[in-house]
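Report on one structure; see the data block that follows.
No lab work stands behind these numbers, since they all come straight from the coordinates. What you see is a predicted model; the values in this text were computed from it and never measured. All Cβ positions, even for glycine, are placed from backbone atoms using ideal geometry, and neighbour counts span all protein chains on display.
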Amino acid sequence: MFGLGIWELLIILLLVFILFSRKLPELGEGLAKGIRNFRRSIKESDEIDVTPGSKQDQEKEKKNSP
């Protein structure tokens, strides 16, 4: 495998683990938050009105009605 022996791979794996061991919980937490937000946005997609100008039209009607 790329001319690397088992010991070289173990040393590289150990160095990567040492360097990223502090950041792994943060990465996992960020990934979990991203998944939760994605699922929430899928569930709430029907409730959001994305029609452009719909609020502006309603405000104009309110101003013109009195």
*Once phi is turned into ³J(HN,Hα) by the Karplus curve 6.51 cos²θ - 1.76 cosθ + 1.60 with θ = phi - 60°, what whole-Hz value does each residue of segment 27-34 show in order, with x for glycine and proline?*
5, x, 5, x, 5, 5, 5, x
*To the nearest 0.05, how large is the calculated FRET efficiency for Arg40 and Phe20 if R₀ is 25 Å and r is the Cβ-Cβ distance?*
0.30
_Report the Rg/Rh value for segment 1-44, based on alpha-carbon coordinates and the Kirkwood definition of Rh._
1.32
_Inter-label distance for Leu27 and Leu13, nm, one decimal - labels placed 7 Å from Cα along Cα-to-Cβ_ = 1.5
*segment 1-44 - charge dipole about Cα centre, Lys and Arg +1 at Cβ, Asp and Glu -1, debye rounded to 20*: 380
